[in-house]
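Structure first, commentary second.
The values are calculated or read from the model by the stated rules, or taken from the named source; none is laboratory data. All values reported here derive from a predicted model rather than from experimental measurement. We place every Cβ from the backbone using ideal geometry, glycine too, and count neighbours over all the protein chains shown. Keep in mind that these areas ignore ligands, DNA and RNA; they rest on the heavy atoms of the full protein, side chains included. Shrake-Rupley method; radii C 1.70, N 1.55, O 1.52, S 1.80 Å.
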Amino acid sequence: MEKYNPEEIEIKWQKKWEESELFKVKYNREKKKFYILEMFPYTSAQIHMGHVRNYTIGDVVARYKVMNKYNILHPIGYDAFGLPAENAAIKQNIHPKEWTYKNIDTIRRQLKRLGISYCWEREVITCDPEYYKWNQYFFIQFFKRGLVYKKKSPANWCPSCQTVLANEQVIDGKCWRCGEIVENKNLEQWFIKITEYAERLLDFSGIKNWPERVITMQKNWIGKSEGCEIYFYIPEIDEILSVFTTRADTLLGVTYLVLSPYHPLVEKITKVSSNSKEIEKFIERIKKASLTVQDILKIEKEGVDTKIFAVHPITQEKIPIWIGNYVLMEYGTGAVMAVPAHDQRDFEFAEKYNLPIKIVIKNPEWKEIPEKLEKAYENHGIMVNSEIFNGLDSEKGKEEVRKYLEKINKGKKSVYYRLKDWCISRQRYWGTPIPIIYCPKCGIVPEDEKNLPVKLPDEVKITGKGESPLKYVAEFLKCKCPVCGSNAERETDTMDTFVDSSWYFLRYASTWMENKPFDKDEVNYWLPVDQYIGGIEHAILHLLYSRFFVKVLKDMGFVNFEEPFENLLCQGMVIKDGAKMSKSKGNVVDPEDMIKKYGVDTLRLFILFAAPPEVDLEWSEKGIEGCWRFLNRVWRLHSEIKNYSEQNQEHDEKLKFMINKVVKGITEDIEKEFQFNTCIAKMMEFINFLNKELNEKKVSKYIVIECWKKFIKILYPFTPHICEEMWESLNEKNFLFNEDWPSYEELEIVEEKINIGVQINGKIRGNIEIPPDFDAEKIYNLLLNNEKFKKIIEGKKIIKKIYIPNRLINIVIEI
RNA sequence: GCCGGGAUGGCGGAAAGGAAGACGCAACGGACUUAAAAUCCGUUGGGAGCUUGCUCCCGUGAGGGUUCGAAUCCCUCUCCCGGCACCA
């Protein structure tokens, strides 16, 4: 028997697949379509285990769906713009373009070696001008629709990456890429109005099956908060101050107001205040203090009294106005009404500055309203000290107060979101140039569409310093205004790379298009993506931006669907020794080493078998050896079967029953939740069983071959190479890729006797053999013939007999 | 604090409300071998008993509940992971 030689087999079949263009997308509108997509890789040096897991899962789905007669789109591309290319440029003195394309060649070779069934004709490379041209085109469309604007604002500045970051890219006050603490820097930036789509992004009804946690993360990120704006009149400056609250029911408990130091009314108030010196000192100190986003979280609550008063909209009382460091200008109206009795922050502030505390919500557990509170009571209760609202339940009171305020024009219903507009400017070279021109006569004008792409110049000096390298490339910078023709200058910032990945999945539908980003019919046929697979780390970033992009494109008539990804699977990480694989921890396992040692099929099998896809997978050298043994067993069994000549039919029906059961089980496990680990367990069980049957020689050659062919087909999506080799050696001419997934009949049970559990009062007491067609009564009579059960049951009053077919019988007796 | 997800042998993990621990790993015993590797065949949740292959008890983070029957459903709690958080 020939030894299992994975490398030889795998390379042979990969070559054959390529030569026959097996995975090329076919034009076939009769079949049902299925778009299976894995998140494209960032073009860093090479593939790691996380990629192997991601792409293997996708490949199993793709091959399974093809065999189930779907028309498949399964593309791949490269997320090729971004900072690491520039860092490499500085470090290794290599051009970012060269570095990137070199890496793409490596990754492509590795993906091919993994045997993933991609349609290679549809590669997308985001740093290709033919691709980023459309980033610029979309930018201009967004600009024309008023969804793009420029403003100077405090930006998240990463001192290590020397560029700004979007809010989504700041994690715990640190840069998502390098972990450096993010600073604030005032810069002119381009923004996309994602906030206009906040409400639609909160609507997940167009999504079929996403992990609950991803939806929660997006909801948290958008952070919708429904409440009420309330107007307080300030007579001394004749202005109305608007505050936002979600607790209008506590309005009568307001004892002071607090403004953010950045609030627009602060200046006016300071002017007329008798305490202006103190205020100025305070504000200056606060503005200087808040350097990093992290610091803000730790700062102690402080404030200053303006000695100016506002009028309470209901009681007409004079309410003191303070300025406090804990009120954010970026959220709500930048001013809050303080209710120290029912908000812990306000409570602490009031204690510190001796401000009054007025209880207006009665905790149902209180017998009486306490003189003094230990801490704020933040829950709901009965409204007290609240004039006409007394006695109302505070939940209901919220509505009532709001309605009343609306009636007297002192407030209105209002909604705020945590979500901020998407800052897409990056002061870097290796990205899509923002197609904007600054003309001394016309101002800010977008580049003419027919001049796209605005190409990145190749000649550039990359320094890694805080300004875009494009500023120093004269040929790039100098241009003509597309409106008036005068000498003008280009924008030198480039786009966030998340713009690239917000629509790449649309480009795959028709990568050949030259005059359009994509063909409308093709995109509307293939999209939405039926199954998207990728890491959880993009739960907010990429997945939110893509949803937003598609919604805008729909509104502009480019596409006719609302959601890009109907089903999402977030695969878990591959970890070793309890930690994510990383160079710094020295626990990296290189996929190429594993392929050399065991072959791709074994690697794929292990990665699918060790855990369900969405759970973190602990790397185990012993575990992969187990999978290696399994494939060797399959291989040996295959040649045994070829030499097998037995005619004995005694167990033929049993074998047919078993393969039928396995096919059914695996089909269901894949359809249900992509439970590849249990699929593989079932195939292992079958192999154990078949091995025994062959040794006992109670099955006939004809049936063994028939069942074995079915087995090869169901193993195929998991370990395609070894299966093709076995298939071919059975004189089969077709690629398994073009074979149909085996069908299964509803199980005919052939056994004459089945074994069921016996429970007495729900407690398992043993088991008994019964003919399959017996009912509860007949089984009960059998039990009476059995020494053991007879002893327990005899003489007792039988209350109930419950028979669960093929599983167990439960006799309920009186004790 | 709010929201979401978890907790099952020595380990990774299985289990329509119906025999908990499939499958794999590790461990142990045996076969083959001069020997080892490889391979094959057994045993393997914990505890107790004896007549040694059978009987009993306990067991899915903890405690209650529903049910003939709960890892699974409900309530309370503990711990772990993830997200959001001076968000008004």
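Structure data summary
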{"quantity": "The range A:555-587, subset more than 21 Å from the chain's Cα centre (by Cα) and crowded, with 16+ Cβ neighbours inside 10 Å, residue farthest from A:L506 (Cα to Cα)", "calculated": "A:K576"}
{"quantity": "Residues satisfying the stated conditions in the range A:242-251, i.e. surrounded by 15 or more Cβ atoms within 10 Å (Cβ to Cβ) and near RNA strand B (Cβ under 6 Å from one of its atoms)", "calculated": "A:F244, A:T245, A:R247"}
{"quantity": "Helices (runs of 4 or more DSSP H) fully within the range A:266-376 counting 2 or more residues that are acidic (D, E) and near RNA strand B (Cβ under 10 Å from one of its atoms)", "calculated": "A:344-353"}
{"quantity": "From the options A:I680, A:I764, A:I760, A:I705, residue that is outside the structural domain of A:K65 (by TED's automatic domain parsing) and either within 39 Å of the chain's Cα centre (by Cα) or among the basic types (K, R) (or both)", "calculated": "A:I680"}
{"quantity": "Of all residues in the range A:226-241 being out of contact with any Gly (no Cβ under 8 Å at 6 or more places or on another chain) and within 11 Å of RNA strand B (Cβ to nearest atom), the one that is least open to solvent (accessible area, probe 1.4 Å)", "calculated": "A:G227"}
{"quantity": "Residues of the range A:481-493 satisfying the condition of being within 14 Å of A:V454 (Cα to Cα) and either free of Cβ contacts under 8 Å to residues at least 40 places away in the same chain or in contact with a Ser or Thr (Cβ under 6 Å, 6 or more places away or on another chain) (or both)", "calculated": "A:T492, A:D493"}
{"quantity": "Hits in the range A:633-649 (condition: open to solvent by 30 Å² or more (accessible area, probe 1.4 Å) and within 46 Å of the chain's Cα centre (by Cα))", "calculated": "A:R633, A:W635, A:R636"}
{"quantity": "Residues that are in contact (Cβ under 8 Å) with a residue 12 or more places away in the chain, in a loop (DSSP other than H, G, I, E, B) and more than 43 Å from the chain's Cα centre (by Cα), drawn from the range A:377-391", "calculated": "A:V384, A:N385, A:S386"}
{"quantity": "Residue satisfying all of: in the range A:405-460; within 23 Å of A:E98 (Cα to Cα) and open to solvent by 70 Å² or more (accessible area, probe 1.4 Å); farthest from RNA strand B (Cβ to nearest atom) among these", "calculated": "A:E459"}
{"quantity": "Candidate set from the range A:206-222 (those that are open to solvent by less than 20 Å² (accessible area, probe 1.4 Å) and touching a strand residue (DSSP E or B) at 6+ places or on another chain (Cβ under 7 Å)); member that is farthest from RNA strand B (Cβ to nearest atom)", "calculated": "A:W210"}
{"quantity": "Subset of the range A:461-483 that is hydroxyl-bearing (S, T, Y) and part of a loop (DSSP other than H, G, I, E, B) - its residue that is most open to solvent (accessible area, probe 1.4 Å)", "calculated": "A:T463"}
{"quantity": "Qualifying residue in the range A:372-392 (condition: charged (D, E, K, R), within 25 Å of A:W322 (Cβ to Cβ) and out of contact with any helix residue (DSSP H, G or I) (no Cβ under 8 Å at 6 or more places or on another chain))", "calculated": "yes"}
{"quantity": "In the range A:22-45, the residues that are touching an Asp or Glu at 6+ places or on another chain (Cβ under 8 Å) and closer than 30 Å to A:K97 by Cβ", "calculated": "A:K24, A:V25, A:F40, A:P41, A:Y42, A:T43"}
{"quantity": "Subset of the range A:494-517 [open to solvent by 10 Å² or more (accessible area, probe 1.4 Å) and free of Cβ contacts under 8 Å to residues at least 24 places away in the same chain]", "calculated": "A:W512, A:M513, A:N515, A:K516"}
{"quantity": "Residues (surrounded by fewer than 20 Cβ atoms within 10 Å (Cβ to Cβ) and within 27 Å of the chain's Cα centre (by Cα)) located in the range A:661-674", "calculated": "A:T667, A:E668, A:D669, A:E671, A:K672, A:E673"}
{"quantity": "Cβ-Cβ under 6 Å pairs, at least 6 apart or on other chains, the range A:544-564 side closer than 15 Å to A:F139 by Cα, far side of a type in the set (A, V, I, L, M, F, W, C)", "calculated": "A:Y545/A:F498; A:F548/A:I194; A:F549/A:W503; A:L553/A:V559"}
{"quantity": "Sole exception among (1) closer than 15 Å to A:Y429 by Cα; (2) open to solvent by 20 Å² or more (accessible area, probe 1.4 Å); (3) of a type in the set (A, V, I, L, M, F, W, C) for A:V66, by number", "calculated": "(1)"}
{"quantity": "Restricting the range A:676-710 to residues that are among the β-branched types (V, I, T) and under 30 Å from A:A610 (Cβ atoms), the residue that is most open to solvent (accessible area, probe 1.4 Å)", "calculated": "A:T678"}
{"quantity": "The range A:789-815 - residue that is open to solvent by 80 Å² or more (accessible area, probe 1.4 Å) and at pLDDT below 85 and, of those, nearest to RNA strand B (Cβ to nearest atom)", "calculated": "A:K791"}
{"quantity": "Which numbered condition A:M658 fails, given (1) among the aliphatic types (A, V, I, L, M); (2) within 13 Å of RNA strand B (Cβ to nearest atom); (3) surrounded by fewer than 21 Cβ atoms within 10 Å (Cβ to Cβ); (4) under 22 Å from A:E2 (Cα atoms)", "calculated": "(4)"}
{"quantity": "Qualifying position, being closer than 18 Å to A:G431 by Cβ and in the same structural domain as A:W13 (by TED's automatic domain parsing), among A:G82, A:G50, A:G58, A:G115", "calculated": "A:G82"}
{"quantity": "Hits in the range A:190-203 (condition: touching an Asp or Glu at 6+ places or on another chain (Cβ under 8 Å) and either within 13 Å of RNA strand B (Cβ to nearest atom) or farther than 17 Å from A:D555 by Cβ (or both))", "calculated": "A:W190, A:F191, A:T195"}
